[in-house]
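Please treat every number below as a calculation from the coordinates, not as lab data. From a predicted model like this one, the values you see are computed outputs, not experimental measurements. As a convention, Cβ positions derive from the backbone with ideal geometry for all residues, glycine included, and neighbour counts pool all protein chains shown.
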Amino acid sequence: MPAVFKTAANEAEAKLKQQLSKQALRKARRQLEMVGKEPKKLGRLSVYSEAIATEICQRIAAGESLVQISADEHMPTRSTIMLWLATLDKYENFRTAYARARTDQADAMDARIMSTVDELLEGKIDPHTAKVAIGAFQWRASKLKPKVYGDRLEVETSVTMDLGNLINEARKRAELRAGAIDTTASHTAND
């Protein structure tokens, strides 16, 4: 091998060693930075359990939203809970309990209305704020449990009829029909 090639090969080998040592140095620095730090969490809870399902339903019934519940680190994400609700056969008990909890949440809204009234009477909140909050709680309760908290429309009807006039009009119509039948019958017999 000529000397020129040997020199070029040695230079390439030296460069490669230098690059590898830079990569190794970067890797070592990253590892040193990680010492003393908590490892990164890979994800949130997504495994279904009856205990978690029960807690979700209890908190929903107490008036918390699904967004608030899923914000807790020990709870699954909102999308995971929605996936559990959408899975037809596997989580049927959870879906039933969740629907019941949503209905019961209306009662929690009613309780919040009463506590808002108490705060208003104690002077803790101003009347306008109380009115807005109570309106929001009422609206929510009416959507969650419409048979109890929904708007009821009472329709009262009053019909006055004179039966004598109705009977007389019905007789006249019957006589006219009978007369029309007789006249058409006589025309067909003459033809």
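Considering only the other residues whose Cβ falls under 12 Å of the Cβ of residue 110, what net charge follows from Lys and Arg at +1 and Asp and Glu at -1?
+1
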Just to check I understand the Karplus step: with θ = phi - 60° and J = 6.51 cos²θ - 1.76 cosθ + 1.60, what whole-Hz values come out for region 166-174, glycine and proline as x? 4, 5, 4, 5, 5, 5, 4, 5, 5
Kirkwood hydrodynamic radius over Cα pairs of region 78-144, then Stokes diffusion coefficient at 25 °C and 0.890 mPa s, in µm²/s: 178 µm²/s
Roughly what would the spin-label model give for residue 86 and residue 158, points 7 Å off Cα along C-beta, in nm? 5.5 nm
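List 115, 142 from most exposed to least, where exposure is judged by having the fewest other Cβ atoms within 10 Å.
115, 142
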Whole-Hz ³J(HN,Hα) for each residue in region 124-134, computed from phi via Karplus 6.51 cos²θ - 1.76 cosθ + 1.60 with θ = phi - 60°, x for glycine and proline: what do you get? 7, 10, 7, x, 5, 4, 4, 4, 5, 5, 4
Rank these for me by crowding, 162, 89, going from fewest to most other beta carbons within 10 Å. 89, 162
